[in-house]
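The structure appears below as structure tokens.
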Amino acid sequence: MLVPARIFASQKMLGKIFRDKSLEQLINVATLPGIQGQALAMPDVHEGYGFPIGGVAATEYPDGVISPGGIGYDINCGVRLLKSELVVRDLEHHQGLLSKTLFENIPSGVGRGGRLKLDDKKLNEILSNGASRIIEEDFGEKKDTRFLESGGVLKNADPTKVSQQAKDRGRDQLGTLGAGNHFVEVDVVDELYDVEIAKVFGLSENQVVILIHTGSRGLGHQVATDYIRLMLSKLSAYKISLPDRELACSPFSSKEGQDYFNAMAAAANFAWANRQLITFEVRKSFEQMFGTKTKLSILYDVAHNIAKVEEHEIDGKIKKVIVHRKGATRAFGPNHPDLVEEYKKTGQPVIIPGSMGTASYVLVGTDEAMNISFGSTCHGAGRRMSRHAAKKEIQGKKLKAELEKEGIFIQAGSIRGLAEEAPVAYKDINDVIDVVHQAGIAKKVAKLRPVVVVKG
């Protein structure tokens, strides 16, 4: 190991974390060429491809490595929160119809295409310009990008570094949820922990809000596949020896490293455009249900799987590093120069979804996160059971009926897929949030309760 490995967890969680390979993977990450500070695991950590999901690592700029396994296959999988002017009583007797309306308007599941079929010119423009390009087509408001991490665009994106196969996989997938743990969820603000910050964020008790969780679909997956294969073939040329080939990487300053970084940025831009088009469909669905006076505005949009060049204090010195966040959320504290004026005094909103039957949370970024976790925190509950095991143990139909008894209306492309994402397949989100709150790497602002879920 070149640096220590650090885990944010409670004693209660450690037993479960030891059951899979996530700690072994974290130790492997600590051997990567150029790694700085510490290799970090968040309390939602679980086994992933090479890197653990819930992992954070920073490598030296510009000659440390960049590793696609440290970003993940679903590049810029992330979550967006929309605020409504409705309160819980406005949903009474409408939840069933609202779930059906959202399900009809938002394509979900494997193989479902979106409303757009992009030609090469328009696809390349989206890969270069992200959410703002799709807003130019009237799928949003100009001010929307103000409340997206990085403004919804990474400017180093280069569509020429994205393979034709990747482009063909994403060509008809813009505005689609996909499958797995992706969802649109209508929630109610159930509890406020910090009233002052909640006021700045525009959140109040009983308010109806909407979460959108999805990423770069097949396009991002193919970018990762292409560059993992390429970097594996170049390991000996760069004299890189790895404990696990799933950590395939190249020096950031090399041609392969730069090409991947620019292709990854293009896929990240596709993901922001994807969530923007789904935002349009959610707004349309609410307008159909509640009329044109119902406005939905964006609180924030955060990336879970991404690499960025940032400056952090390491061993008492400010250093430029390549921060890999895989299943982790940026949590910049107050006065960070990258934050918009509205969140300058508070720190950025941090949105942490739970599973479909449990709470989700809004937190706020902190100075402590800047000091000890490269401005990062957890991204969700984290799996405790594999999808295969969940399908063996849980019946989708029974689960759907049980959740509806609890007042959570579900629509899903696949009942078997619903079983994979059962709440019991995940860790307790309350425990995960308590760990990051107590560690100070994000602070609780509000707790959300699900009432309608559309699963991919």
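The values are calculated or read from the model by the stated rules, or taken from the named source; none is laboratory data. As the structure is a computational prediction, the values presented were derived from the model and not from experiment. A quick note on method: Cβ atoms are made from the backbone with ideal geometry, for glycine too, and the neighbour counts reach across all protein chains shown. When the accessible area is computed, the model is the full protein with side chains, heavy atoms only, and any ligands, DNA or RNA have been set aside. Shrake-Rupley method; radii C 1.70, N 1.55, O 1.52, S 1.80 Å.
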request  = Evaluate the following for D90: is it closer than 23 Å to D338 by Cβ, part of a helix (DSSP H, G or I) and in contact (Cβ under 8 Å) with a residue 24 or more places away in the chain?
outcome  = no
ask   = Just wondering, is there one or more residues in region 49-64 that are in contact with a Phe, Trp or Tyr (Cβ under 6 Å, 6 or more places away or on another chain), in a helix (DSSP H, G or I) and not acidic (D, E)?
value = no
ask   = In region 161-175, is there at least one residue being at negative phi and within 17 Å of the chain's Cα centre (by Cα)?
value = yes
task = Working only within region 180-194, note down all residues that are within 15 Å of the chain's Cα centre (by Cα) and buried (at least 21 other Cβ atoms within 10 Å of the Cβ).
result = N181, H182, F183, V184, E185
key: Failed item, numbered, when K317 is tested on (1) of a type in the set (K, R); (2) within 24 Å of the chain's Cα centre (by Cα); (3) farther than 21 Å from L232 by Cα   = (2)
request  = Could you tell me whether F409 is in contact with a His (Cβ under 7 Å, 6 or more places away or on another chain) and open to solvent by 10 Å² or more (accessible area, probe 1.4 Å)?
outcome  = no
note = Counted residues in region 28-80 being of a type outside the set (G, A, S), over 19 Å from S250 (Cβ atoms) and without any contact (Cβ under 8 Å) to a residue 60 or more places away in the chain come to 2
note = The correct count of residues that are closer than 21 Å to G48 by Cβ and either in a helix (DSSP H, G or I) or under 16 Å from the mean Cα position of the chain (by Cα) (or both) in region 234-255 is 3
message = Can you say whether Q258 is open to solvent by 10 Å² or more (accessible area, probe 1.4 Å), assigned to a helix (DSSP H, G or I) and out of contact with any helix residue (DSSP H, G or I) (no Cβ under 7 Å at 6 or more places or on another chain), as far as the supplied structure shows?
response = yes
message = Which count do you get for residues in region 268-316 that are in a loop (DSSP other than H, G, I, E, B) and within 23 Å of T214 (Cα to Cα)?
response = 3
request  = Would you please name the residue that is farthest from S22 (Cα to Cα), looking only at residues in region 365-392 that are more than 16 Å from the chain's Cα centre (by Cα) and open to solvent by less than 30 Å² (accessible area, probe 1.4 Å)?
outcome  = T366
query = Among all residue pairs at least 6 apart or on different chains, which show Cβ distances below 6 Å where the first residue, located in region 302-327, is free of Cβ contacts under 8 Å to residues at least 24 places away in the same chain and the second is among the charged types (D, E, K, R) and open to solvent by 10 Å² or more (accessible area, probe 1.4 Å)?
reply = E311/K320; I318/E311
ask   = Of (1) in contact (Cβ under 8 Å) with a residue 40 or more places away in the chain; (2) touching a Leu at 6+ places or on another chain (Cβ under 8 Å), R275 satisfies all except one. Which?
value = (2)
request  = Quickly run through region 164-176 and pick out the residues that are open to solvent by 40 Å² or more (accessible area, probe 1.4 Å) and either under 19 Å from P107 (Cβ atoms) or touching a residue at least 60 places away in the same chain (Cβ under 8 Å) (or both).
outcome  = Q165, D168, R169, D172
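Quick grid of which residues meet (1) within 18 Å of A307 (Cβ to Cβ); (2) not polar (S, T, N, Q):
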| position | (1), (2) |
| --- | --- |
| G55 | yes, yes |
| A58 | yes, yes |
| V65 | yes, yes |
| I71 | yes, yes |
| C77 | yes, yes |
| R80 | no, yes |
| S84 | no, no |
| R89 | no, yes |
| Q95 | no, no |
task = State yes or no: is F51 within 20 Å of S386 (Cα to Cα) and either open to solvent by 10 Å² or more (accessible area, probe 1.4 Å) or at pLDDT 95 or above (or both)?
result = yes
